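Read through the structure below, which is laid out as structure tokens, and then see the notes.
Only the coordinates and a few stated rules stand behind these numbers; no lab work does. Because the structure is predicted, anything quoted here is derived from the model rather than measured. Cβ placement follows ideal geometry from the backbone for every residue including glycine, while neighbour counts extend to all protein chains displayed.
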Amino acid sequence: MLAAITPRTKEVFIANPNNPTGTMVTMDALERFMNRVPDHVVTVIDEAYYEFVQEPQDTMKFVREGRNVILLRTFSKIQGLAGLRIGYGIGPENLVGVLHKTRQPFNANAIAQAGAVAGLLDDEHQNRTRQVTDEGRTYLQDEFAKLNLEYVPSHANFVLVKVGDGNVVFQKMLDQGIIIRAMAEYKLPDWVRISVGTMEQNRRCMKTLKEVLAR
Ligand SMILES: Cc1ncc(COP(=O)(O)O)c(C=O)c1O
């Protein structure tokens, strides 16, 4: 990514953990990048899945150091409030000031803000979601391994798995009432992304996937 930066580059986005792979860039690699990224570039670290990570990295450090960085977080994931359309960014005052000039007025409504604060304070819900996700992700990955399906070990609440023709598998799963994501638009036509659900949902998903792949 560093090598691809030119004088015309304005922003670099790093999704960490990344969607749809669920992979993570280590703090070491981030530091190496941040130490070498030119001053005219803003680095945006999208941390939508931050709360699912076992040992979250202290990326706030880059903000404290006054780097040209913005961390993005959302209430759509671990808090489960995607319908409220609310998230937040953390960055140095000058960058936040620029964003304030261009954001739409009243872009976060009062109900969304009340929900977001309640979600942040609701440790029980967040812990339970993390626990259900950890258990479900381990189950899905173990099942993929048993079926000899290649998968990418994930740090998020989904797993990328190689199933053959992703569009076909997507459609056949949908016919059985299970929605997964085909990955052709990410140039990964042989892969699908499966979100972790409750254990009951995960078992049903795997049972259906086995049937679909056996056909
Ligand atoms: C990396 C990443 N960032 C952001 C989002 C979306 O966040 P929001 O619902 O706050 O727009 C997603 C969810 O699909 C995501 O995968």
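Descriptive notes on the structure:
- Two-decimal log10 I(q)/I(0) for the chain, as the Debye equation yields it once each C-alpha is a single scatterer, q = 0.08, 0.10, 0.18 Å⁻¹: -0.35, -0.54, -1.31
- Centre-to-centre separation between the Cα atoms of region 115-181 and those of region 1-25: 23 Å.
- The distance between label points at Asp175 and Val96 comes to 5.3 nm (points 7 Å beyond Cα on the Cα→Cβ vector).
- The residues neighbouring Gln141, those whose beta-carbon lies less than 12 Å from its own, together hold a net charge of -3 under the Lys/Arg +1, Asp/Glu -1 convention.
- Length added when fully stretched, Tyr88-Ala114, from 0.36 nm per residue minus Cα-Cα: 8.0 nm
- Around the amide H of Val163, modelled in the peptide plane, lie the amide H atoms of Trp191, Val192, all under 5 Å away and 5 or more residues distant in sequence or on another chain.
- Fewest-first sequence of Thr9, Thr26, Thr102, Thr208 by Cβ atoms within 10 Å of each Cβ: Thr102, Thr26, Thr9, Thr208
- Residue-by-residue Karplus 3J(HN,Hα) for region 10-19, coefficients 6.51, -1.76, 1.60, Hz, glycine and proline x: 9, 9, 10, 9, 10, 8, 9, x, 8, 10
- Cα-centre dipole for the chain with unit charges at Cβ (Lys and Arg positive, Asp and Glu negative), debye to 20: 540 debye
- Computed Rg/Rh of region 11-121, alpha carbon atoms with Kirkwood Rh: 0.97
- Karplus-derived 3J(HN,Hα) values for region 153-160, using 6.51 cos²θ - 1.76 cosθ + 1.60 with θ = phi - 60°, are x, 10, 9, 10, 9, 8, 9, 8 Hz; glycine and proline are entered as x.
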